[in-house]
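Read the structure below first, then the notes.
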Amino acid sequence: MTVERIFDQLGHFKRFQACLYFAAVFQSISCGVHYLASVFLVETPNFVCGAPNNITDVMYGNLSGTTLADVLPFFKDAYGYMAVRTATGDQWELSRCQRALRVNPPDFNYEFDGNKTMKSCEQKFVFDHSQVQQSTVTDWNLVCEGEWLAQLCQPTFMVGVLVGALVFGDIADRIGRVKILMFTSSCQFLFGVLVAFSGNYYCFLAIRFLLAMASSGYLVVVFVYVTEYTGYKVRTWTSMHVHAAFAVGVMVVSLIGYLVRVWWIYQIVLSLCTSPFLLFCWKFPETPFYLMAKGRLRETQALLDRIARCNGVECRLRAEDLLEPEDKGATDLLETRGEGEKEALEVQVKVVRKLSILDLFGSWRMAGRTCTVWAIWFIGSLGYYVFSLGSVNLGGNQYINLFLAGAVEIPSYLVGSFAMDRVGRKKTCAPALILAGIACMLMIVVPTDIHWLVTLLSMTGKFAIAIAFGLIYLYTCELYPTIIRSLAVGSGSMMCRVGSVVAPYCVYLADVWIYLPQLIVGILAFIIGLLTLLLPETLGQPLTTSMEEAKNLGVNVKKKTSPQDNKDPENGLEMAQQRL
């Protein structure tokens, strides 16, 4: 694949690529921010049904006070009640979703066996503001009959992520990576701020749906963008550390959530975190892979000269030299034709058949590959969110727990990067999935009273699933050609979001049996890990540009080049062509 020669001659990760990379990854922090923002946006504090005014005494078990605020922070029983007495002598029992007026009570005690008159809350609730000053739940009374609306917040967002991944992945292959990066970045900031000014909950859901589409679109395309701007020598860690930026976004959510307890201010602060990116994203250049795939030779040549100047090297490449052999015949005529004829010939080179998602299943080999890749995306997301949601049961400070949930991902990506470049993509992904499956199934046989071992197995499972979840982005980019790469990543991300939508419902199965979610994840991870062994290895292989090259990955693979061969770019390219 001749476009890979760019990195051999102009640098795999020098000044030009480094500037683009860190700028693009910086904006990925906002994706992690918005994906997890709902943790505190729809946080439900302690609450009870609204009571009459002029309360003089409050009791809850052995606790007592003169106002609801004195006792409400300790009200943990969803099926219990608080006894209150008013200045007129009336006594009420206030529970979460109903209230009862005691009939002719003798004295004011917590226990009462007499008659009661049951009444509805009439959408009047008293919330504990000691920890959460203001959330969407407290503003719009999303409790009791309205609780399902609060629970709908994250699934709705994930549906938007699913749609955005598929839509923007396809569009990026048609109109370019940079246009989508600029559009989705602007939309993330715009919709992120608009969420804070939602007039009602339905408007809140609608704007967050659009925000999800934009965030997902950016995250999908940025992986393709940084992959097509970095050489194979550094491509592993550059792609994996986009996930590290996402994890930083999760930690930012916990920090801002701890410092800001009013939801609309919290949302604005989160949206402003990466706003500086908007000042320079308009200067991003299109990738050379995309320009060559579309036959835009003049723009490619200008880009090559720009990269060379920035990296401090001499550019000896011509755009025509990067064409595939079958395309050179048409472009060789450019040297002998006039200006008008040159433009006509360039238009001919630009003619590329538009591919659709059906081309991912163009042959039995590609169909099997696509199904396996989609399965990895699905189980990676499902396992990730099942482990993450299960971490809530660890107790302790919720802000610290969320911070650690993001922090624990970073070492997994470091280990994944190290292993991918030494044993290969396939030999890292498959064992990671199998290990996650084994850890899940071992949790079933470990006695529940051995808490430290259960926690250790849970963290092992999340650590392993994060490795597989992190590398599948790069692996997908390497398994598919340039002309359909964004669509492949976008469709894979779509399956990933299906897993994230299913994950909460999988966690609910713990009501049937406490270890049923882990059993489901464990079985699926183990089976998919075995199927991963059937995929071709892409370690050391150049990115493909045509469907034929992609189909031939892993077929008739010859002996790898020696270190001496790799020192010569032309010789290394020739050997790479032979391996394909």
For this session: Over the stretch 406-506, calculate the relative contact order: mean separation of alpha carbon pairs under 8 Å at least 6 apart, over the residue count, as a percent.
Result: 29 percent
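Please give the FRET efficiency for residue 233 paired with residue 527, using the beta carbon to beta carbon distance and R0 = 41 Å, rounded to the nearest 0.05.
Values: r = 34 Å, r/R0 = 0.83.
Rounded to the nearest 0.05, the efficiency is 0.75.
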For this session: Please give the helix 297-311 orientation as an angle from the longest Cα principal axis of the chain, in degrees from 0 to 90, rounded to the nearest 10.
Result: 80 degrees
Problem set entry | Farthest toward positive dipole pole in the chain [+1 Lys/Arg, -1 Asp/Glu at C-beta], among 273, 120, 40 | 273
Exercise. Can you work out D for the stretch 1-109 in µm² s⁻¹ from Stokes-Einstein, where Rh is the Kirkwood radius over C-alpha pairs, the temperature is 20 °C and the viscosity is 1.002 mPa s?
Worked result: 114 µm²/s
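Please give me the summed charge of the neighbours of residue 21: other residues whose Cβ is under 13 Å from its Cβ, Lys and Arg +1, Asp and Glu -1. Provide the component values of the computation, followed by the final result.
On the way: positive: 14, 15, 235; negative: 228.
Result for the local shell: +2.
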For this session: Please determine, in degrees from 0 to 90 and to the nearest 10, the orientation of helix 263-272 with respect to the longest principal axis defined by the Cα atoms of the chain, where the helix direction is its Cα long axis.
Result: 20 degrees
Seminar exercise, completed: accessible surface per residue for the chain, probe 1.4 Å, DNA/RNA/ligands not counted, whole Å² -> 43 Å²
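Once you sort the root eigenvalues of the Cα gyration tensor of the stretch 240-283 as a ≥ b ≥ c, which label holds: rounded (a/c under 1.5), prolate (a/b larger than b/c) or oblate (the other case)? Display every interim value, and only then the final one.
Details: a/c = 4.10, a/b = 1.33, b/c = 3.08.
Because a/c hits 1.5 or more and a/b fails to exceed b/c, the stretch 240-283 counts as oblate.
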Exercise. Any idea how far the Cα center of the stretch 85-128 sits from the one of the stretch 24-72, in Å?
Worked result: 22 Å
Problem set entry | Fully extended contour minus Cα-Cα distance, from residue 516 to residue 87, at 0.36 nm per residue | 149.3 nm
For this session: For the chain, give the percent of accessible area contributed by carbon and sulfur heavy atoms, probe 1.4 Å, rounded to a whole number.
Result: 62 percent
Seminar exercise, completed: In the neighbourhood of residue 372 defined by beta carbon distances under 13 Å, the net charge of the other residues (Lys, Arg +1; Asp, Glu -1) is +4
Exercise. Hey, which of these cross-link pairs are over 28 Å Cα-Cα: 294/551; 14/179; 427/462; 294/427?
Worked result: 294/427
Problem set entry | Loop chymotrypsin sites (Phe, Trp or Tyr not before Pro), the stretch 235-283, which have at most 13 other Cβ atoms in a 10 Å radius of their Cβ (DSSP) | 280
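What percent do you get for the relative contact order of the chain when only Cα pairs under 8 Å and 6+ apart count? Kindly include the intermediate steps, with their values, before the conclusion.
Details: 928 pairs, mean separation 108.1, N = 580.
Taking the mean separation of contacting Cα pairs over the length of the chain, I get 19 percent.
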Exercise. How much net charge surrounds residue 387 when only the other residues with a Cβ under 14 Å from the Cβ of residue 387 are counted, with Lys and Arg +1 and Asp and Glu -1?
Worked result: 0
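Which FRET efficiency, nearest 0.05, do residue 129 and residue 316 yield, Cβ-Cβ r, R0 56 Å? The partial results should precede the final answer.
Numbers: r = 68 Å, r/R0 = 1.21.
It comes out at approximately 0.25.
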Exercise. Efficiency by 1/(1 + (r/R0)^6): what FRET value for residue 446 and residue 104, r their Cβ-Cβ distance, R0 = 45 Å, to the nearest 0.05?
Worked result: 0.25
Problem set entry | Ranked by how many other beta carbons lie within 10 Å on average, peptides 438-444, 461-467 from highest | 461-467, 438-444
Exercise. Just in the stretch 213-319: which GluC sites (Glu not before Pro) are loop by DSSP and have at most 14 other Cβ atoms within 10 Å?
Worked result: 314
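The values are calculated or read from the model by the stated rules, or taken from the named source; none is laboratory data. Computed from a predicted model, the values in this text were never measured in an experiment. With ideal geometry, Cβ positions are generated from the backbone for all residues, glycine too; neighbour counts draw on all protein chains shown. These area figures cover heavy atoms from the full protein model, side chains too; ligands, DNA and RNA do not enter into them. Shrake-Rupley method; radii C 1.70, N 1.55, O 1.52, S 1.80 Å.
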